Amino acid sequence: MERPTALQDFLDAASLAFDECAHDPQGRASVERIFARLATVQPVRTKIGQRLPVCDRHLDDALANATGRPVVDRLVERFRALEPQLEWRARKGDETAGAGFADGHANVMIVGPGGFENRDDLWFGVSLLAPRVRYPDHDHAPEETYLVLSDGEFMHGDSDWFSPGVGGSFYNPPGIRHAMRAGDRPLFAFWVLLPEQREH
């Protein structure tokens with residue numbers, strides 16, 4: 001079984017970008033395990049391309065940051081080529097979500113449960129936030145590593161809000177509460193999560 005070219009090209013670019021940008025030892029170890037799992041190909045869903053209005057309003061602006069770092073800029077190019085085949089979705093907010101969250105965000109599961117490549121051993125996706133929108137506090141069992149391709153702020157655990165910067169990366173341990181918020185420009189970030197694999 002072979003992956004569609006656009007997906008494989010994106011994953012190849014992502015592997016190089018995460019390798020260059022992920023400096024936290026736990027994040028690097030998690031990313032290495034994720035890309036090792038990606039050596040095994042799973043079936044893709046077809047004809048699922050679907051955008052939400054927030055994408056039409058803000059995605060181009062969110063991806064307009066040329067970094068001067070070839071591996072990061074190549075990842076953006078490969079994502080642009082893949083994006084028309086992806087299904088953007090919204091999630092429910094709660095009392096920690098900022099004003100405008102319902103119509104001001106979108107997520108894509110590229111590889112993972114319900115994703116373009118549908119599998120349950122890893123999650124690889126992206127989040128887009130419109131300017132001045134805050135994502136709700138949330139947590140999950142899998143550990144997570146972000147690669148951020150825009151301005152914006154994040155917090156995890158008891159940390160203050162911090163800005164990784166364009167091309168910045170950071171690691172969330174399993175179960176830690178975390179959130180993100182956009183400033184005057186849209187926020188765009190990739191995330192990879194590694195669920196524990198159960199013995200069969």
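No value in this document is a laboratory result; all are computed from the given coordinates. Since we're looking at a predicted model, the values are computed, not measured. Cβ placement follows ideal geometry from the backbone for every residue including glycine, while neighbour counts extend to all protein chains displayed.
Can you match mean projected area of the Cα convex hull in nm² to one of these, (1) 11.0; (2) 12.7; (3) 17.0, based on a calculation from the structure here?
The value computed from this structure is option (1).
Using Cα centres only, tell me the gap between segment 125-144 and segment 1-78 in whole Å.
A separation of 17 Å, based on Cα centres.
Can you say what percent of the DSSP beta bridges in the chain, counting only those with both residues inside, are antiparallel? Round to 5.
Numbers: 34 of 37 bridges.
Antiparallel bridges: around 90 percent, rounded to the nearest 5.
Could you check the spin-label model distance between ALA29 and ASP137? Points 7 Å from the Cα along Cα→Cβ, value in nm.
2.8
Within 10 Å, Cβ to Cβ, of ARG132, how many net charges do the neighbouring residues add up to if Lys/Arg are +1 and Asp/Glu are -1?
Working: positive: ARG134, ARG181, ARG185; negative: ASP184.
Here the count lands on +2.
Could you tell me which GluC sites (Glu not before Pro) in segment 72-108 are loop residues by DSSP with no more than 13 other beta carbons within 10 angstrom of their beta carbon? Walk me through the intermediate numbers first.
Working: sites: GLU77, GLU87, GLU95; in loops: GLU95.
Within segment 72-108, the qualifying GluC sites (Glu not before Pro) (loop, at most 13 other Cβ atoms within 10 Å) are GLU95.
At a 10 angstrom cut-off on C-beta neighbours, averaged per residue, how do the peptides 54-66, 139-151 rank from highest to lowest? Numbers along the way, then the final one.
Working: 54-66: 16.8, 139-151: 20.3.
Most protected by this proxy first, the peptides run 139-151, 54-66.
Quick check: from the Cα gyration tensor, does segment 100-156 come out rounded (a/c under 1.5), prolate or oblate? Let's see the in-between values first.
Details: a/c = 1.94, a/b = 1.56, b/c = 1.24.
The shape class here is prolate.
log10 I(q)/I(0), Debye, Cα-only segment 37-132, no solvent, q = 0.12, 0.13 Å⁻¹?
-0.44, -0.52
Calculate, in nm to one decimal, what ARG177 and SER159 gain on full extension: separation in residues at 0.36 nm each, minus their alpha carbon distance. Display every interim value, and only then the final one.
Details: separation 18, 0.36 × 18 = 6.48 nm, distance 1.01 nm.
Stretched fully, the ARG177-SER159 segment lengthens by 5.5 nm.
Restricting to DSSP loop positions (anything but H, G, I, E, B) with no more than 11 other Cβ atoms inside 10 Å of their own Cβ, which trypsin sites (Lys or Arg not before Pro) remain in segment 84-142?
Details: sites: ARG89, ARG91, LYS92, ARG119, ARG132, ARG134; in loops: ARG91, LYS92, ARG119, ARG132.
Sites meeting the loop and neighbour criteria: LYS92.
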